[in-house]
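Working notes, structure below.
The values are calculated or read from the model by the stated rules, or taken from the named source; none is laboratory data. Please read all numbers here as calculations on a predicted model, not as lab measurements. Heads up, the Cβs are rebuilt from the backbone with ideal geometry, glycines too, and the neighbour counts pull from every protein chain shown.
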Amino acid sequence: MTVLDMRDVRKVYRSGDADIVALDHATLQVDHGEIVALLGPSGSGKTTLLSIAGGLLAATEGKVMVGGHDISEYDGKQLTEFRRNNVGFVFQSVNLVPFLTAEENLLVVDELGGGKGGKGAKARARQLLEELGLGHRTRNLPSQLSGGERQRVAIGRALFNNPRLVLFDEPTSALDTKLGAQVMELIRNEMKARDTAAIIVTHDRRMTEYADRTVEIVDGRLGAEAPAH
Amino acid sequence: MRLPRLPFRELRRQPSRFVVATVVLAFLATLLLFLGGLLDGLYLGSTGAIRAQRSDAIVFSSSARDSFLRSRITPELRAEIEAAEGVGEVGGLGFVLLGAQVPGETELADVAVAGYEVPPAGVPTPGPDGQGVADSRLEDQGVQVGDTILVGPAETPITITGFVDDTAYLQQGTVWVNLATWRAVQNANRPDSAVADGVVQALVVTRDAATTLSGPLPELIDTTTDGATKTLTVEDAVLALPGVKQQGDTFDQIIYSTLVVVLAVVALFFSLLTIERMGLYGVLKAIGASTRRLFAGVLLQAVIVATIAFVVGSLLALAAAAALPAKVPLQLTPGRFLFTYAGLLVAAVLGSAISLRRVTRVDPASAIGGAG
């Protein structure tokens, strides 16, 4: 079943008198449990595509369906709620809240959704961290964690609300090759275990081997698709 | 709405970020309390004898320009006033400011000898000639019950029979005596402004509760005397005391200017903090935080910082008050603490509100790197 269905999506930015087309008639579907690697050079539009798929940016044209929600017409408030409940994000630079422990960084998602951080939420946060190999680090602040550990906490945060779709923006760019491979392996295992759809933006071709298929993007246009496995 | 935990945790785990702003605001809170305390001390010390009057109006002669010392009410004028519509109980009042020798003290005490007929709040009915009750601030100048103080250059003796609180007049401790004693003190020590028998400086007038008035009591009295009197409410008579209004206006201006500085400090501090947090806000917005929630966090932190600053500032002000000599008219009242806290809170809320625009403009898409 399709989780993400983008059809004929365009994104045009106005810069002075000129229009800049960041995304040009992009069409992409991602199914449950499917991992898609989005490969492209800097400025190719992959971040724009990821932002539109995650409800961070509104498309200029086209239709974006996520988990049955047509988010093309959502206003800012609806998009905020949509992101909170349906999408997980893992960012390029690890963006954990610096003054919260690993466990609390996961519980932020619960708090933003109006949760009270009760026993159920805490148990879920601990279980996720345990699965991610951070059971002994729940009370550590981000500054006390290694780069790989921080990225794993960020993955835990993205998975906390059981999203239908998780979007990864260059998740291994700040890690060395070995650690990067471990994180990609972890991402793959977690997505498959939860049957969660994922898009992984990368410019590193080696990372595409962890995806089910790879979609290339150049100058805002989606190009050749290739199964990675 | 439940209070968000994020701002609390930031304050608890990164207190050093807030120290500078809290210290600056604490000093400003001390300054506000100090200025307000001085204003209150000056006000209370100047006006006690008039605020204690339980009457509805105070009648001066029209030429006195609202001054007790210049005013004279003759027995004939008093009779006219007593006959005016709505006038109930009437009592004479007079003040004379003098130095007094206190037994066992080398320094003269500043006293205001007040003659009265109708007892003000806390003051007993007038006693026999040569006796009086003193305002408790004279205790600080060595006066004790049973002392006979010698008033003025004529050394008129007055024996103190008791003390009353909060009845000072123009920063001098009032000694409440009967009208005959006041006249004797006045005539012996201020012969240039002697008063004849039956003459007083002013009258306190209580409204006759049984009469329905055809207009405000002061107007009715002044109309009856055909302009020979000027009648004020007690509140207006307090403000008409020399310097009281001017002091109040001056201090108020300084206090409100200081509150503007508080507002500017809070605005600047939280603006800088918000700029520093733009990246974090972008991420939080991306994962579903609303502008409202993030801004509520800023407001909450501003309120907490202002509250801590107020507590620290209050302790500093209390310590300063305890260390100051008694002659400094600093009075820290609960009302002043409440006003200062309210002022700090309003300034903190308005100051932090300046960050709202910046928080609103944080784009959740900024959380995703601009690499492509």
>> Residues that are surrounded by fewer than 16 Cβ atoms within 10 Å (Cβ to Cβ), assigned to a loop (DSSP other than H, G, I, E, B) and in contact (Cβ under 8 Å) with a residue 12 or more places away in the chain: does segment A:94-110 have at least one?
In response: yes
> Just checking, which of A:11, A:63, A:77 is in a strand (DSSP E or B) and either more than 13 Å from chain B (Cβ to nearest Cβ) or closer than 22 Å to residue A:109 by Cβ (or both)?
Replying inline: A:63
>> Filter segment A:73-129 down to the residues that are of a type in the set (S, T, N, Q) and closer than 26 Å to residue A:33 by Cα and list them by number.
In response: A:78, A:80, A:85, A:86, A:92, A:93, A:95, A:105, A:127
> Which residue out of B:289, B:347 is crowded, with 19+ Cβ neighbours inside 10 Å and outside any helix (DSSP H, G or I)?
Replying inline: B:289
> When residues of segment B:139-158 are filtered for being modelled with pLDDT of 95 or more and not in a loop (DSSP other than H, G, I, E, B), how many remain?
Replying inline: 7
> If you scan segment A:80-110, which residues turn out to be within 17 Å of residue A:141 (Cβ to Cβ), more than 9 Å from every other protein chain (Cβ to nearest Cβ) and of a type outside the set (S, T, N, Q)?
Replying inline: A:94, A:102, A:103, A:106
> Residues of segment A:6-28 being among the acidic types (Asp, Glu), on the phi < 0 side of the Ramachandran plot and touching a residue at least 24 places away in the same chain (Cβ under 8 Å), which ones?
Replying inline: A:24
> Any residue in segment A:46-56 that is within 9 Å of chain B (Cβ to nearest Cβ) and surrounded by fewer than 22 Cβ atoms within 10 Å (Cβ to Cβ)?
Replying inline: no
>> Name the residue that is farthest from the chain's Cα centre (by Cα), counting only residues in segment B:8-23 that are surrounded by 18 or more Cβ atoms within 10 Å (Cβ to Cβ) and more than 10 Å from chain A (Cβ to nearest Cβ).
In response: B:18
>> Looking only at residues that are more than 12 Å from chain A (Cβ to nearest Cβ) and not hydrophobic (A, V, I, L, M, F, W, C) in segment B:270-300, which one is farthest from residue A:106 (Cα to Cα)?
In response: B:271
> touching an Asp or Glu at 6+ places or on another chain (Cβ under 6 Å) and either surrounded by 17 or more Cβ atoms within 10 Å (Cβ to Cβ) or of a type in the set (D, E, K, R) (or both), is that true of residue B:36?
Replying inline: no
> Do we have any residue at all in segment A:168-178 that's within 14 Å of another protein chain (Cβ to nearest Cβ), outside any helix (DSSP H, G or I), over 10 Å from residue A:37 (Cα atoms) and without any contact (Cβ under 8 Å) to a residue 60 or more places away in the chain?
Replying inline: yes
> Residues in segment B:77-121 that are free of Cβ contacts under 8 Å to residues at least 40 places away in the same chain and not in a loop (DSSP other than H, G, I, E, B): how many?
Replying inline: 2
> Which of the residues spanning segment B:360-372 are surrounded by fewer than 21 Cβ atoms within 10 Å (Cβ to Cβ) and in contact (Cβ under 8 Å) with a residue 12 or more places away in the chain?
Replying inline: B:360, B:363, B:365, B:366
> Is there a residue being closer than 26 Å to residue A:3 by Cα, facing chain B (nearest Cβ under 10 Å), not in a loop (DSSP other than H, G, I, E, B) and not polar (S, T, N, Q) anywhere in segment A:113-127?
Replying inline: no
